[in-house]
Structures are given as C-alpha cells and as structure tokens.
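Notes to accompany the following structure.
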Ligand SMILES: CO[C@H]1[C@H](O)[C@@H](O)[C@H](O)O[C@@H]1C(=O)O
C-alpha cells in the first residue's frame, strides 16, 4: 500500500509554494508527511457525485484540500471506485444511502462503508449545504491527523442562525475593526466581484456560518437605496452556493431620510407601507434575503421610542414587512439611550423584560453576552432566561474592542465557553445560556447566535494570526455549543500551524491561559470598563469628568479610601434582582459570588479576605502581577516554537507578544498606581512598585486608535 503514495515522501522539506502570511486561515492544507499522505490518500482516491453548484464547491474543496495535503489530485469519477468519496445529497437517496433524517437543513453524516463492493466514504446531507458542511468536516479530520478509514459521525447544529455581524461602514471603515478597511468594496460592487469574497464564503462555510449582516448596526440609510441593494445582491449571489444568506442593518429613520416621510412612527400606516415596499424591493433582488438587524434607541440611534412606541412596536412593524418573504428581524437589546445613573447594567432588562410575549413570531431579540459591553469578563446577561416567551439570540464580539484589539493574544474560545455554559437557573439547575439560545429551554424554533466580525483587508484577515482563532472558535461553537474551547483550539492550531502534537500542545496551552491573563492585567476580580475612554485601548481608571456618568471608569470601579467595586446587590443597584431568584440569592452574598465576578456585584473593603486568605488589596495586586507574568511565559513558550513555525508567522506572533507584554505592564502599573493613590495601601511583598508616577500614565494619551468611531 505504502508504495501507492510515494509522492508524500517527496513533499517533506519541499519549498512552500505560498507565502505564510495567514491568508489561507485554517484552510491552509499544508503538505503532510508520508504517513499522513498515505492515511488521507487511501480514503480519497476519487470523488463521486457533484452536479449542483454547492456540490461542485464541495468537490472542489475536497480536491483542493487533498491535493494540498498529499500532493495528489483526486479525480471526479462517474462510477464508484475503491477509496472514493461519495457526495450524497437529498436527491441521491438509493440503496447505498446514509440516512439523513434529523440532520436538518445544515447537518451532515459521514460514514465509511461498502458500496458496490468497494470501501468508500459517504458524505451525506439532507441538503446540498449539509453535504458541503460534511466535506469541510472531512477535511478538518484529514488536516488534524484523525483516522479516516473508520468514520461514522453525524452532526447538526442546534442553533439555526449562525451569523457574522459586520460593523462595516459604507465608506469602507470598520467600527471597532482592527484588521484594516472593510472587505466590502462598495465602490466597485456590484460589477467587480473580487476573489476575496469567495475566500470569505469558503472560510465561513467551513465552520457552518450561514449568514452575514453586511453593514454596521450604526447604520446609514443609504444601505437601503437601489444602488446598495444591487451591491448586496451581488454578494448574496456569491455566498448562496456556500449556504450563506445576506442580511442588512437598517436605520430606523430611513423612510424619512430616503423618501421624505414626515415620521418614522411604527404605528403610522405610511411608515409600515414604506418598509413593506422596501422589503419587496430587496426580495426582488435577493429572493433568499435573511432579514434586518436593528439597533434602535441606543447610543444616539433613532428608534420607536422617539414616537413613544416600544421596541416591540418597532420590531413587529418591520417583521410584518419581511414576513411574506420568510424574513426575520433581529432586534438588539443593547440599549442605554437614557441617562441611567444608578446602573447602566440594568437598562436592557428594564426595557425588554416587560415586552416578553409581545414580539411577532419572526422577531428574535439579540442580546450581548453581558449587560455592559464585551468586557474581558462579564457575568452572563440577565435577559438570558428572563424572557421565556421570546426567542433570544446571543451576540458575541469576535473583534476585540476591549481585549487588546489586534495585537494582544487573548483567545476568546474560553470566553464563549464560559458564557454558553453559565447556568441561569431560570428553570432549575442546568438552564444554561446555551439552552436558552438553542431554543431547547423554552421550546423556541427561531434560534440564533451572532459574532461581531474581526475581518478586514489585512492579509491575515483578522489583524493577527491568533485572532483568526477567535473567528474559528465562534463558528465552531455556534455550530456545536458543547465543544470546549480547548478542543477547538487544538483543531485550529493543528490546521493553522501543524498537526504535530509538539506544536499543537504548547500553542493550545498558550491560548487557553491567554484570556485569563488579559483579565488579570486589565480588569481582575470582576472589575470592568476601566479602559481608555472612546477607543477602549489601555488603562484609564482615573477618568471621571465625562458628560455622562456611565462613560467614566470611576463609575464602574467605585474605588475609594475604604474599598472598591460596584454594589449591584439588593441593597445596592439591585441588578442581582434581574437574575433568577436562586441565582440572585447567591450573587447578593460576596461569599457565594464566583470570585471572578466579585467586584462586578460587590463593593468591598480593601481588607476583605479572598478565598486565598489574602486581602482584597493584596489579591488585586497579585492578579495584576500574574497577568504580566503569564504574558512573559507565553513569550518564552513561543520562542521555543521557533524551529517548528515558519519565519513569517513566527515573527508576527513574537512581535505582538512583545507589544502585549509591554502593554500588560502598562496596564498593571497604571492601575496599581491609580488604585494605590486611592487606597493608600502599601504593595504586598514581592510586588514591584509601578515604574512611573500616576501622572505619567495619565499624561500618556492614546487618542487615535483604529476602529474608533469619529
Ligand atoms: C456599533 O457600536 C458599538 C460601539 O462602537 C461599541 O463601543 C460598543 O461596544 O457597542 C456599540 C454597539 O454594540 O452598538
């Protein structure tokens, strides 16, 4: 057998035919060793069945992957041969078929079996998109070194809508984007459809992402003009065979801005008629258009409350416009439009909880993972579990607005996992956030999860090689919320760098502690939102003079001579009361609050004793120290990988880790200098004094961070 694949041996040490700039993401298909080529080649000698646009993509992906990995191209054949891969779509059910019931519109089954007396691998789906997902899953197995000669797997996502949200503006900038300008070339669309769009679709389809919202939630009305609808339609045409639908964010006052209507009151029949006509126009150009995403009455955006109507009034009016076409409305719960002096964290719940049961059946409310704003760590949002009659979808941020943006290595898989596995206790133990959003807790059919994309025109797409892992993890965990961050990191590292366990293990170890390191050096023990204001980069716990209370870091940490933290208990802002009673009870007591969230829920004296026995003050400093030390350890671990990683990507990561280490110290020293100026406490033994006086950090301004909206 081995002699069939001599080419595998030749590939060892062969010069690479591509630049290692990260463009190929996890779809890199780098040549494997001889044993790997044998393993893959034996199960991929030919491909059978590929007659629709989507199946042709599946076939091409397999051929491309197999050729890259083994050096041998698997031909397309009409008859079944030994070692063939059979693509079995719904139309091809016969005696050899693999059952596809229960796989839904996206799922797949992969099975090695005997067909016409020949050992083959069948990749089946109830739809062509399912087969395509199966092809990508098979390639994932091939790339990660799994055995391919005995497969019997079925996989179907529980969450229906798995979407990226682009915060891309029509002028090509990306709000909170740290990977360069938008990949949507609005200027040359719809005529010029550059190759990057197809690569984008491949990357997303390989994860099972099935929709994309093209434009920023801070939307401009222009996105709904005929010209922009045509551009969106061009993208929809490209993405369709990959099983990806297009959605648009809309601005509430578009009827006024585009067509001079006098109002945008959702109960005004003229307004409803305008949206209906607009929806009809869009569906004419994009028959499978997904629907609308709306940010209303939040951060200055207009909305139904401007007309004394509710969010439900607004959502339902839009929902009626898209309903005849099968469209949906995703209505965001990220609101803090009004001054909310006692506790910004409470507003979404206050506004939305009373509306439970009032939304139309094609509306889904999109809730951020936490109640403030994509912090390095937040307890799960209290709306999860609190609106049983309303489908809620998750909004994660893949772009790392508050987690070091493009340079810090802070793998988000652990954040996603922590949130999804959080127990709301809404219907007793085991009422996890994952079960809320997959619909199983309350029996909803409309289900979704969105990730704010970290994609731009940078060669590596995401601003750094390791940020690609966040896109990857979002997609994989959206498909299967049971996946662990570690398993996903392992898959990603094997495909992105090498399946060699000596490469995978240390990279995964770095990734798995990286986000906790950022929590430690930025906002340990439940602190939040003490970043530089506006751009959210770097420390600024001292800022206190901005116009609105909730724009100031001092509002969030509330440090004074006596203690630190935000009292959200029953006797404080009572945000704890927004959680299920059993959980609220735990959170009202610092001793039964997870220590990682301590200062999120409690204002405590500096002498409060942590579980470790040390005082809160000493513990805080130790967390800051530990964060910096962890980054230093990551640098050392990366340095050891030099022989195994190509020079280009090694150098990028090395440089970014150096930046991260420098900035972790900046964070640590600035925060300690500030908190010490407030607490007046001495540093614990073993902790070095901040390198500079507080004024030095205060003077260090950083006004022009990328991605910061003007
Ligand atoms: C799109 O605006 C963003 C804003 O830039 C950002 O700082 C914050 O995270 O949230 C807003 C939102 O989610 O609407």
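The values are calculated or read from the model by the stated rules, or taken from the named source; none is laboratory data. What you see is a predicted model, and the numbers here were worked out from it, not measured in a lab. Cβ atoms come from the backbone with ideal geometry, glycine included; neighbour counts cover every protein chain shown.
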>> Return the residues of segment 540-554 that are more than 16 Å from the ligand (Cβ to nearest atom), surrounded by fewer than 24 Cβ atoms within 10 Å (Cβ to Cβ) and touching a residue at least 24 places away in the same chain (Cβ under 8 Å); say none if nothing qualifies.
In response: 542, 549
> If you take the residues of segment 384-401 that are touching a residue at least 60 places away in the same chain (Cβ under 8 Å) and over 30 Å from residue 465 (Cβ atoms), which of them is surrounded by the most Cβ atoms within 10 Å (Cβ to Cβ)?
Replying inline: 385
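So in segment 192-216, with the set limited to residues that are in a loop (DSSP other than H, G, I, E, B) and without any contact (Cβ under 8 Å) to a residue 40 or more places away in the chain, which one is farthest from the ligand (Cβ to nearest atom)?
Checked segment 192-216; the qualifying residue farthest from the ligand (Cβ to nearest atom) is 192.
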> Among (1) within 15 Å of the ligand (Cβ to nearest atom); (2) within 30 Å of residue 320 (Cβ to Cβ), where does residue 229 come up short?
Replying inline: (1)
> In this structure, is residue 219 surrounded by 23 or more Cβ atoms within 10 Å (Cβ to Cβ), within 16 Å of the ligand (Cβ to nearest atom) and assigned by TED's automatic domain parsing to the domain that holds residue 315?
Replying inline: yes
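Being under 20 Å from residue 530 (Cβ atoms), surrounded by fewer than 24 Cβ atoms within 10 Å (Cβ to Cβ) and either over 22 Å from the mean Cα position of the chain (by Cα) or within 16 Å of the ligand (Cβ to nearest atom) (or both) is true for just one of 349, 336. Which residue is that?
Values: 349 fails: under 20 Å from residue 530 (Cβ atoms).
Testing whether each residue is under 20 Å from residue 530 (Cβ atoms), surrounded by fewer than 24 Cβ atoms within 10 Å (Cβ to Cβ) and either over 22 Å from the mean Cα position of the chain (by Cα) or within 16 Å of the ligand (Cβ to nearest atom) (or both) leaves just 336.
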>> So residue 177 passes all but one of these: (1) within 16 Å of the ligand (Cβ to nearest atom); (2) touching a residue at least 60 places away in the same chain (Cβ under 8 Å); (3) within 30 Å of residue 130 (Cα to Cα). Which condition number does it fail?
In response: (3)
> So which helices (runs of 4 or more DSSP H) are wholly in segment 402-504 and hold at least 3 residues that are touching a residue at least 60 places away in the same chain (Cβ under 8 Å), touching a strand residue (DSSP E or B) at 6+ places or on another chain (Cβ under 7 Å) and surrounded by fewer than 21 Cβ atoms within 10 Å (Cβ to Cβ)?
Replying inline: none
> Filtering segment 284-303 down to residues that are surrounded by fewer than 18 Cβ atoms within 10 Å (Cβ to Cβ) and away from the ligand (no atom under 16 Å from the Cβ), which residue is nearest to residue 240 (Cα to Cα)?
Replying inline: 288
>> Out of 509, 528, I need the residue that is at pLDDT 95 or above and in the same structural domain as residue 650 (by TED's automatic domain parsing). Which one?
In response: 528
>> Which of the numbered conditions does residue 256 fail, given that it passes all the others? Conditions: (1) farther than 29 Å from residue 475 by Cα; (2) touching a strand residue (DSSP E or B) at 6+ places or on another chain (Cβ under 8 Å).
In response: (2)
> Looking at 202, 143, 162, 196, which is the one that is buried (at least 24 other Cβ atoms within 10 Å of the Cβ) and farther than 24 Å from residue 366 by Cβ?
Replying inline: 143
> Being in a helix (DSSP H, G or I) and within 23 Å of the chain's Cα centre (by Cα), is that true of even one residue in segment 544-551?
Replying inline: no
